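The values are calculated or read from the model by the stated rules, or taken from the named source; none is laboratory data. As the structure is a prediction and not an experimental result, all values here were calculated from the model. Neighbour counts run over all protein chains shown; Cβ positions are idealised from the backbone, glycine included.
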């Protein structure tokens with residue numbers, strides 16, 4: 001009887017020690033993963049590029065031949081700390097409104113957030129930032145939700161008067177490209 005009680009006692013002690021070791025190991029692993037994930041987030045820190053100053057490259061009037069007898073015209077102005085772009089299509093010499101884009105740099109997120117209102121009454125939102133001094137990348141999203149990306153675009157400035165707008169689908173495949181020239 002004494003031997004059985006001792007065996008049960010030692011078994012329970014070993015079980016308790018094993019539970020403690022398992023708990024300790026799990027806790028150490030959790031803390032390690034927490035520290036690593038926090039460290040990884042820190043590596044994706046906000047860019048040190050002056051986002052608002054770089055956006056001033058966009059100001060002025062830009063034109064691109066986008067199809068048969070069709071020119072897309074962008075007229076961009078600064079409005080306080082925000083930006084406004086009025087976009088028109090000139091089809092066979094007749095100008096018609098296409099959309100207006102308003103956007104501002106959100107210092108909390110370190111990105112631009114833009115709202116696009118089409119002449120048809122449709123709207124869209126996007127989030128973007130300068131990835132280099134010559135390249136602006138944006139994601140077309142639903143209601144500023146970064147998890148609802150519908151398309152991606154890049155504006156790349158070859159010179160102060162020439163830029164290329166490239167559109168991509170979600171698989172990263174180029175779907176369109178237009179070359180813009182600054183006219184004012």
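In region 125-154, how many residues are farther than 19 Å from residue 67 by Cβ and not in a loop (DSSP other than H, G, I, E, B)?
Residues in region 125-154 being farther than 19 Å from residue 67 by Cβ and not in a loop (DSSP other than H, G, I, E, B): 17 in total.
Take the residues in region 81-100 that are touching a helix residue (DSSP H, G or I) at 6+ places or on another chain (Cβ under 8 Å) and surrounded by 14 or more Cβ atoms within 10 Å (Cβ to Cβ); name whichever of them is nearest to residue 55 (Cα to Cα).
Ranking the candidates gives 83 first.
Every residue, every condition in (1) in contact with a helix residue (DSSP H, G or I) (Cβ under 8 Å, 6 or more places away or on another chain); (2) at pLDDT below 95; (3) buried (at least 16 other Cβ atoms within 10 Å of the Cβ), yes or no:
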position: 102; (1), (2), (3): no, no, no
position: 115; (1), (2), (3): no, no, no
position: 129; (1), (2), (3): yes, no, yes
position: 141; (1), (2), (3): no, no, yes
position: 154; (1), (2), (3): no, no, yes
position: 157; (1), (2), (3): yes, no, yes
position: 164; (1), (2), (3): no, no, no
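Taking the stated definitions as given, is residue 148 closer than 21 Å to residue 174 by Cβ, touching a strand residue (DSSP E or B) at 6+ places or on another chain (Cβ under 9 Å) and loosely packed, with under 14 Cβ neighbours inside 10 Å?
Against the criterion (closer than 21 Å to residue 174 by Cβ, touching a strand residue (DSSP E or B) at 6+ places or on another chain (Cβ under 9 Å) and loosely packed, with under 14 Cβ neighbours inside 10 Å), residue 148 does not qualify.
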